[in-house]
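Since the structure comes first, as structure tokens, the remarks are kept for the end.
The values are calculated or read from the model by the stated rules, or taken from the named source; none is laboratory data. Please read these numbers as outputs of a predicted model, since none were measured by experiment. Here the Cβ positions follow ideal geometry from the backbone for every residue, glycine too, while neighbour counts run over all protein chains shown. For the accessible areas, the whole protein counts, side chains as well, though only heavy atoms, and no ligand, DNA or RNA atoms are used. Shrake-Rupley method; radii C 1.70, N 1.55, O 1.52, S 1.80 Å.
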Amino acid sequence: MDFYFDFLSPYSYLAFQWIKKNRTLLKSLNIEVRYHPTILSKLIHSYETKGPAEIKSKRDYLFKDCVRYSNMNNIEFNTPKTLPFNSLYALRLVLACEESKKFELIDSIFNKGWARGEEIGEEEDLLEVLREINLPESLMEETTSKEVRKKLKEVLRSAIDKGVFGLPTFIHKEELFWGNDSTKYLELFIANKDPLDQNKYENFLKEHPFN
């Protein structure tokens, strides 16, 4: 299962809580989550659309939605002090980290930013995270390397090629699920109980081709 996310996205934080909650179940089903840090702004602008934070009424509504969802699901939710912030260092840090430590690193960055409401946009903020989970501070040096910067661009290109248009996005067995609220459908899909009427969907594509 592929998980595309940006630390800038509160919905990515909430969707990651679903992964945490279901981690044992996913392992029992031999479903490995692959983490793909993706630059939200570049992804959205590649489709020539505006991001949520660029439309005031949409931004304000989405914040309300996040507060409602987090309260209903007992998830700690506090915005980072600086918003929006530069998530590039955090995204690159995940790419620089070894695979076995990615979950813990992502969890710690999300917790610092969206659970505790602290800064996660600067190098020093992320060094604090590395110290908390006993990862080498030298990882920060790799965030400016050509290799890691190239990887981040490759993730974006791959996401677009796979039809990812927003974050967070899950892709499981080539089926795309966009947004935190799609996890309920993802659960059904995993359990082979997908409510999608495939015939209706295919007829829609035939009758209404995209121009």
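Some observations on this one:
- Think of segment 79-211 as a dipole: +1 on every Lys or Arg Cβ, -1 on every Asp or Glu Cβ, centred on the Cα centre; then among Leu91, Gln198, Ile160, Gln198 lies furthest on the positive end.
- Just checking the listed ones, Asn74, Asn22, Asn180: in the Gaussian network model of the chain with Cα springs under 10 Å, the one fluctuating most is Asn74.
- For segment 1-114, the relative contact order works out to 36 percent when only alpha carbon pairs closer than 8 Å and six or more residues apart are counted.
- Cross-link table Lys20/Lys193; Lys20/Lys153; Lys56/Lys193; Lys56/Lys150; Lys150/Lys206; Lys27/Lys146, entries beyond 31 Å C-alpha to C-alpha: Lys56/Lys193; Lys56/Lys150; Lys150/Lys206; Lys27/Lys146
- When only alpha carbons are used to place a centre, segment 17-40 and segment 75-100 end up 17 Å from one another.
- Heavy-atom accessible surface of segment 1-50: percent carbon and sulfur, 1.4 Å: 53 percent
- Dipole magnitude for segment 71-211: about 460 debye, using +1 per Lys or Arg Cβ and -1 per Asp or Glu Cβ, origin at the Cα centre.
- Taking 13 Å as the straight-line reach from the Cα of Lys151, the aspartates and glutamates in range (excluding those fewer than 8 positions away in the same chain) are Glu142.
- The C-alpha radius of gyration of segment 39-192, expressed as a fraction of 2.2 N^0.38 Å, stands at 1.10.
- Share of carbon and sulfur in the accessible heavy-atom surface of segment 57-147 [1.4 Å probe, %]: 46 percent
- To the nearest 10, the accessible area of Arg59 is 120 Å² with a 1.4 Å probe.
- A straight Cα-to-Cα reach below 17 Å connects Lys50 with the aspartates and glutamates Asp6, Asp60, residues fewer than 8 places away in its own chain not being considered.
- Under 22 Å from Lys200, Cα to Cα: lysines that are on another chain or at least 8 residues apart: Lys173, Lys184
- Normalised by the number of residues in the chain, the mean separation of alpha-carbon contacts (under 8 Å, six or more apart) gives a relative contact order of 28 percent.
- Test item: Cα-centred dipole of segment 1-129, Lys/Arg +1 and Asp/Glu -1 on Cβ, debye: 560 debye
- Heavy atoms of the protein chains alone define the surface here; on that basis segment 1-82 has 59 Å² accessible area per residue at 1.4 Å probe size.
- Only beta bridges with both residues in the chain are counted; by DSSP, about 65 percent of them are antiparallel.
- Cα-only Debye scattering, segment 17-112: base-10 log of I(q)/I(0) at q = 0.15, 0.23, 0.24 Å⁻¹: -0.83, -1.37, -1.37
- Accessible surface area normalised per residue over segment 96-211 is 62 Å², counting heavy atoms of protein chains with a 1.4 Å rolling probe.
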